[in-house]
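Working notes for the structure below.
The values are calculated or read from the model by the stated rules, or taken from the named source; none is laboratory data. This is a predicted model, so every value here is computed, not measured. When we count neighbours, we look across all protein chains shown, and the Cβ atoms used for this are built from the backbone with ideal geometry, even at glycine. Calculation scope for accessible area: heavy atoms of the full protein, side chains included, ligands and nucleic acids excluded. Shrake-Rupley method; radii C 1.70, N 1.55, O 1.52, S 1.80 Å.
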Amino acid sequence: MNYAIGVDIGGTKVAVAAVDEQGTIICQSVIPTNLQIPPEAMIAEIQQEISRIIEKSGVLVDQLTGIGIGAPGPLDSRNGLISCPPNLQTWVDIPIRELIGRSFPVPILLENDANAAALAEKWIGAATENENFIYITVSTGIGAGIITEGQLLKGLKGNAGDIGHMVVDPSYGECVCGQSGCLESIASGTAIAKRASEILGEKLTAKEVFHLYQEGNPRIIEYMQEVFKVLGVAAVNMINTFDPEKLVIGGGVSEFGEPMFDSIRQYVQRYALNPTGRKTEIVSAKLGQQAGVIGAAALCFHIESFK
Ligand code: ADP
Ligand code: ZN
């Protein structure tokens, strides 16, 4: 059996896992993303974690196909660079492939995190039967991985699908990128925590907002309806542009579950332009929090849609 190490670098946490050729995680861990230390120091922590996972899993060097890294964009996947992600603000032109490669003499592959998660959902998740689907992650930021005709749409540098900075409602005010009303500045976990804290006048995380929602807090319910509508707008944009058969939605914020999915479905049923588009299946990611690491590991296995 061959194995790969998957590394999913997020704005909140870094997940590292040893994954076998069937996509089974045999050993994994999660460390917090520390943005107070230089990127090189954080990468050193990631390297230590990779070593620990290799040791703990008992995978031998000659069984290790490679290390796959999923990271937030913008990046340059071909050249192995993390360029300037808004959610890793100090990480500018970081040659992550080279840095990780110094400690591990195996192939190192880099891909946008949402693209990696999309590959995982295609491989063993919610879209194994789909040749045309879009994976959307609503987490610290928002991104998408687009699979058309069974192939991942990469674009020039591997940044296709970076939908977080698609403008959905300019009235919402300025985003970190300089535009007004970007999807991510309204509906990401970061944005939800910020806005809900303003509404209730107390410091809240997106998870706490989720609990208040479940408890039926009226102001939070009203506010979240707006957020769900904006996610519906994004879904319609994607459906009209790419004509997928399915949307798979994951990331921490998708824990809002059925109320969020129903809201998006209703918006799509009403506003997608094409009658078949209105019936696009909208489902929850099957691999949940693990899509990122499994997809990152999958980059190392030569599976048809990943080329
Ligand atoms: P990352 O962005 O590091 O890949 P996640 O996909 O877990 O990580 O997304 C983290 C974001 O999701 C944070 O903003 C967090 O507050 C939010 N989040 C995590 N759990 C929940 C939940 N149950 N309900 C709503 N938001 C959540
Ligand atoms: Zn923006």
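Small (G, A, S), away from ligand 2 (no atom under 16 Å from the Cβ) and farther than 17 Å from G295 by Cβ, is that true of S83?
Working: small (G, A, S): yes; away from ligand 2 (no atom under 16 Å from the Cβ): no; farther than 17 Å from G295 by Cβ: yes.
Judged against the criteria, S83 is not a match.
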Residue check for K203: among the basic types (K, R), surrounded by fewer than 21 Cβ atoms within 10 Å (Cβ to Cβ) and in contact with a Gly (Cβ under 6 Å, 6 or more places away or on another chain): no
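Do we find that I26 is more than 17 Å from L110 (Cα to Cα) and modelled with pLDDT of 95 or more in this structure?
Values: more than 17 Å from L110 (Cα to Cα): yes; modelled with pLDDT of 95 or more: yes.
Here the answer is yes, as I26 does meet what is asked.
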Condition broken by T280, with the remaining ones in (1) at pLDDT 95 or above; (2) within 22 Å of T190 (Cβ to Cβ); (3) among the polar types (S, T, N, Q); (4) buried (at least 22 other Cβ atoms within 10 Å of the Cβ) satisfied: (2)
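Among the residues of the range 214-223, are any of a type in the set (G, A, S) and touching a residue at least 60 places away in the same chain (Cβ under 8 Å)?
Restricting attention to the range 214-223, the residues satisfying the condition of being of a type in the set (G, A, S) are 216.
Then keep just the ones that are touching a residue at least 60 places away in the same chain (Cβ under 8 Å); that gives none.
Taking every residue of the range 214-223 in turn, none turns out to be of a type in the set (G, A, S) and touching a residue at least 60 places away in the same chain (Cβ under 8 Å).
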Looking at (1) away from ligand 2 (no atom under 11 Å from the Cβ); (2) open to solvent by less than 50 Å² (accessible area, probe 1.4 Å); (3) of a type in the set (D, E, K, R), find the lone condition where K194 falls short. (2)
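Restricting to the range 36-73, give me the number of residues that are open to solvent by 60 Å² or more (accessible area, probe 1.4 Å) and under 19 Å from the mean Cα position of the chain (by Cα). Working first, answer last.
The initial filter retains those residues of the range 36-73 that are open to solvent by 60 Å² or more (accessible area, probe 1.4 Å), namely 36, 38, 40, 45, 48, 52, 55-56, 60-62.
Now narrow it down to the ones that are under 19 Å from the mean Cα position of the chain (by Cα): none.
Going through the range 36-73 one residue at a time, the tally reaches 0.
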Would you mind telling me which numbered condition in (1) part of a helix (DSSP H, G or I); (2) buried (at least 18 other Cβ atoms within 10 Å of the Cβ); (3) in the same structural domain as M166 (by TED's automatic domain parsing) I249 fails? (1)
If you go through I199, I220, the only one that is within 15 Å of ligand 1 (Cβ to nearest atom), out of contact with any strand residue (DSSP E or B) (no Cβ under 7 Å at 6 or more places or on another chain) and not acidic (D, E) is I220
Go through the range 97-140 and give me each residue that's open to solvent by 10 Å² or more (accessible area, probe 1.4 Å) and either of a type in the set (G, A, S) or assigned to a helix (DSSP H, G or I) (or both). R97, E98, L99, G101, S103, D113, K122, W123, I124, A126, S139
Let me confirm something: among E131, E121, E98, which residue is touching a Phe, Trp or Tyr at 6+ places or on another chain (Cβ under 7 Å) and away from ligand 2 (no atom under 16 Å from the Cβ)? E121
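Which ranges mark the strands (runs of 3 or more DSSP E) fully within the range 1-46 that have 2 or more residues being within 15 Å of ligand 1 (Cβ to nearest atom) and free of Cβ contacts under 8 Å to residues at least 40 places away in the same chain? Working first, answer last.
Numbers: elements: 3-9, 13-20, 25-32.
By residue number, 13-20, 25-32.
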Can you name the condition, by its number, that G161 falls short on among (1) at positive phi; (2) surrounded by fewer than 24 Cβ atoms within 10 Å (Cβ to Cβ)? (2)
Name the single residue, out of those in the range 184-223 being polar (S, T, N, Q) and outside any helix (DSSP H, G or I), that is farthest from V138 (Cα to Cα). N217
Hits in the range 159-190 (condition: away from ligand 1 (no atom under 15 Å from the Cβ) and polar (S, T, N, Q)): N159, S171, Q179, S180
If you take the residues in the range 79-96 that are touching a Gly at 6+ places or on another chain (Cβ under 8 Å) and farther than 19 Å from A4 by Cβ, which one is surrounded by the fewest Cβ atoms within 10 Å (Cβ to Cβ)? P95
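Working only within the range 240-267, note down all residues that are small (G, A, S) and touching a residue at least 60 places away in the same chain (Cβ under 8 Å).
Going residue by residue through the range 240-267, those that are small (G, A, S) are 250-252, 254, 257, 263.
Within the range 240-267, G250, G251, G252, S254 meet the criteria.
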